[in-house]
Amino acid sequence: MAKKAGLNLLAAGGLLVLTFASLLIQPLLPLAVLAFLYILPGYILIKLLRVEADALLTLALSLLLSAMVSAHAIYWLSMLFGYGSGAFYLFFVIVSLAALFVREPPDIIGKGFQAPAALALITMLVIFYVLYSSMWVPTEHGVITGGWNYSDIFQHLAIVQTVNNGNFPPQEPMFAGAPLRYHWFIDLHTAIAAKLLAVFPAAVMVFEHTLYTGVLSMLAFLLAFHFTKNRNASLIAALLVVFGGGFGYMNLWNDLRTAPLPQLLASKSYDNDWGFFQVPSVLGGYLLVQRPQIIGIPAVAAVMLLVASGYPRDWRRLLLAGLITGMLPPFQTHAFIASVAISLTYVAYYHAAKFASAIAASRRTAYLQEARRSLLHAEYAALLFLPILISVPFLLGASERTSSLGLGLGWIAPKDLVQFALFYAGNFGLPFLLAIAGFFLAPPKERWPLAIWMLLLFAIPNLINLTATQWDMAKFFTYMWLPVSIFAGVLISRIPQSFWVVILFFCMLSPVTILFYFLTSNSIGLSASELAAGDWIAANTPQLSVFITGTQHNSPVESVGGRMRIIGYLGWLNNYGLNYSPRVGDIRTIYCGPPDAAASAMRKYDARYIYVSGNERGEFRCGMPFTQSPLFKEEFKRGEAAIYSLR
């Protein structure tokens, strides 16, 4: 069908009307937020680049790119004009005007994609139910935050809440005065949506984890189908990418002798045990609890697909892959490194294979022709890497972080070769063992790029360490899980279907047990009095106020109140390479020293408030003399939580 000529005045006009109407008509605001932050920026970019893509790929890439483009654009607009509704609506206007140049109607998911779309939808419903039921559930006893505290949810809430309360460009919420060094753009995206909708960010987090898990499912299917051309293998791969895991459930069999199954599932995770089972599943360790990875993993899948289907001649797909890579550092630095490595190795593999064919043909002319083609393709390869320039400001910021850059031989696995092999076989589980056999059944010409990526992403954490906490290098295993799931899907698809249920049951058992763990453990992240303290802080203290607290993981000061503290959880600060030792001494002086010394230490950090709860009393175990001093005033008291101000 011929493309329509002229500008798309109808689309641009309609979006401008939605933009300005959402300022006046409150029910339209969620629609505007959904359109301009989650759907349209990526869709318009795809159409402006005229990337040829089927409906399912267009949908998946639109959702992924919209988060990335909107966060980057609003970040720079906020740097110029200030963080707030002005920058947000300016971005909405820019997106509306960009729609002038989109002349094609939206794609409709056709018959051939009903199954993967349905699988993605079912996956999203599972994720939504678990998160809605356990991520942030207020009760009369406090707020439930799941069996693991949802990993680092309080770190992410701290970023979102403080950014939305004046902390932009952000300081570290738990180390006031130092610039934020975390890859925080998924939290920026959450903050923008939460501020526009005037809702607590946990609701937005539930939506985003749900949405981007569905995006991963769609991209995993498309990636698998590109390499296998087998729908059943691709659907199985998409299922395993999200729900596959290792042999951690073996601990459950042993524990069944000690307690009933419901009690066991509510008491601990059987996904990994921080002992022999060190590698969590993609679902239990990342998609549910690790926010940067909800963009990082689907972004790596998108880069794999665009590079494999675009190189060497589809410059539009290559440019799009390069843009995704270039936008990744403030979202997920590990995913950025993985994407660069994936692109480099695919280009190298492609030309090495061509040269090998020419050499095998023993024709000098063929060899020379291939050399000339390689030079001509260099400009296409450049499209994969030139967009990395947009990441330079964020890479420079990351380079300031003190890290343990160096060799990391064997990751944290046993160094004995037999134990090393057993460790990874146990941690990666049945899907990995099936993948080894599935390699030999995959299409001969297509299996090698996947195998190279699988080995590469396995090798990186087993050769080098890029982080202060070496365990964090396990994130590369989540990207390795993409080719693992594809090879496993190939093998399972060749087995009689009557065995599929049993095989998939044991492939998915460990991650599925963690769903029950989150749903039934009812772990209280903040008590009712702590939650009340956070609400009081938000309502009664100036923005950018600095608090003195203990070093606990969960604190209402920043996660609910949106204020900053001079020190927080030491594990996070260690990962950032921050020298927190002097502050540890100062906060002990504040809590336990003479009141005048406490006041002097607080002024050093421009801190005005001291927070006291059961955590601080347990950490410092002293009489806290400041509570009886006229230099300090009690501002809030409820249950175990109290707040004092420096007069």
The residue from 623, 568, 561 that alone is at pLDDT below 95 and crowded, with 24+ Cβ neighbours inside 10 Å is 568
How about the stretch 571-604: which of its residues are surrounded by 14 or more Cβ atoms within 10 Å (Cβ to Cβ), in contact (Cβ under 8 Å) with a residue 24 or more places away in the chain and over 32 Å from the mean Cα position of the chain (by Cα)? 587, 588, 590, 591, 592, 593, 595, 598, 599, 602
Would you confirm, using the coordinates I've provided, whether residue 125 is modelled with pLDDT of 95 or more and either in the same structural domain as residue 531 (by TED's automatic domain parsing) or closer than 19 Å to residue 242 by Cα (or both)? yes
Counting only helices (runs of 4 or more DSSP H) wholly inside the stretch 18-100, the ones holding at least 1 residues that are among the hydroxyl-bearing types (Ser, Thr, Tyr) are 40-49, 55-81, 85-98
Collect the residues in the stretch 265-306 that are crowded, with 24+ Cβ neighbours inside 10 Å, part of a helix (DSSP H, G or I) and among the small types (Gly, Ala, Ser), keeping them in residue-number order. 284, 285, 296, 299, 301, 302
Considering every residue within the stretch 506-522, establish whether at least one is part of a helix (DSSP H, G or I), within 22 Å of the chain's Cα centre (by Cα), within 28 Å of residue 409 (Cβ to Cβ) and touching a residue at least 24 places away in the same chain (Cβ under 8 Å). yes
If you check residue 610 against the conditions, is it in a helix (DSSP H, G or I), under 37 Å from the mean Cα position of the chain (by Cα) and assigned by TED's automatic domain parsing to the domain that holds residue 174? no
For residue 67, indicate whether it is buried (at least 18 other Cβ atoms within 10 Å of the Cβ), among the aliphatic types (A, V, I, L, M) and closer than 21 Å to residue 166 by Cβ. no
Output the qualifying pairs, or none if there are none: Cβ atoms under 7 angstrom, residues six or more apart or on different chains, first residue in the stretch 178-197 and in contact (Cβ under 8 Å) with a residue 60 or more places away in the chain and not assigned by TED's automatic domain parsing to the domain that holds residue 23, second residue in a helix (DSSP H, G or I) and hydroxyl-bearing (Ser, Thr, Tyr). 183/333; 188/75; 189/70
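The values are calculated or read from the model by the stated rules, or taken from the named source; none is laboratory data. Since we're looking at a predicted model, the values are computed, not measured. When we count neighbours, we look across all protein chains shown, and the Cβ atoms used for this are built from the backbone with ideal geometry, even at glycine.
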